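Working notes for the structure below.
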Amino acid sequence: IAQRHRTAKPACLVELTRHKQYSACPNCGEKLRKIEMSSEEKASIRESLMDLARKNDHFESLRAFSEFLESRMQKNNGNQIMYIVDGANVAYYGLGTVNYHQIEQMVASLEERGENPLVVIPQKYTQKKFWLRQGYVQELPEDQMQIMENLNATGRMYIVPHRCLDDYYWMLSSVSDQ
């Protein structure tokens with residue numbers, strides 16, 4: 001099992017670490033613990049997420065995402081999605097603006113290792129122009145729009161609908177049956 005861990009060291013963004021039941025992050029020494037869940041525990045978490053989505057009128061969008069995960073696995077000859085890339089956090093990390101090159105590099109790094117990643121990103125960040133924060137509108141350059149469009153066209157990106165909480169999507173994928 002691979003565990004993702006971001007250290008406090010500014011020179012290190014993310015390092016993929018393969019570990020046993022208990023091991024330490026090679027960058028900061030913090031102990032990493034492997035967490036395994038039974039099918040029943042995963043089902044309970046899925047149900048809780050769907051209940052939250054119902055309360056916030058996001059049930060149909062989250063259900064559609066669940067179906068997307070199943071269909072993507074079938075299209076990829078049963079290859080599971082082992083890594084969900086939180087697109088907004090990866091794109092924004094360390095820069096103060098959204099940069100699709102960072103997402104592209106993360107996806108390429110995972111694919112070079114033979115992994116099958118999926119980028120989950122809010123719809124807002126797939127527009128040419130969007131409000132990034134109060135008083136600042138960001139406009140994506142054409143090369144970044146092309147990266148985003150390529151990830152989407154090749155099924156390596158899932159766009160979270162407007163007004164839906166993107167965290168629900170990576171949480172659901174982490175406990176999916178796929």
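Structure values in brief
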quantity	calculated
Local electrostatic count at ASN150 - Lys and Arg +1, Asp and Glu -1, tallied over other residues with Cβ under 10 Å	-1
Relative compactness, the stretch 93-178, computed as alpha-carbon Rg over 2.2 N^0.38 Å	1.14
Shape call, the stretch 122-162: gyration tensor on alpha carbons, a/c limit 1.5	oblate
Computed lengthening from ASN89 to GLU36, 0.36 nm per intervening residue step minus Cα-Cα distance	16.6 nm
Gain upon complete extension [ALA43, ALA24; 0.36 nm per residue less C-alpha separation]	3.9 nm
MET82 paired with ARG63, simple spin-label distance in nm, labels 7 Å along Cα-to-beta-carbon	3.3
Label-point separation in nm, GLU70 to LYS128, each point 7 Å along Cα→Cβ	3.8
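No value in this document is a laboratory result; all are computed from the given coordinates. Owing to the predicted nature of the structure, the values given are computational and were not obtained by experimental measurement. All Cβ positions, glycine included, derive from the backbone under ideal geometry; neighbour counts span all protein chains shown.
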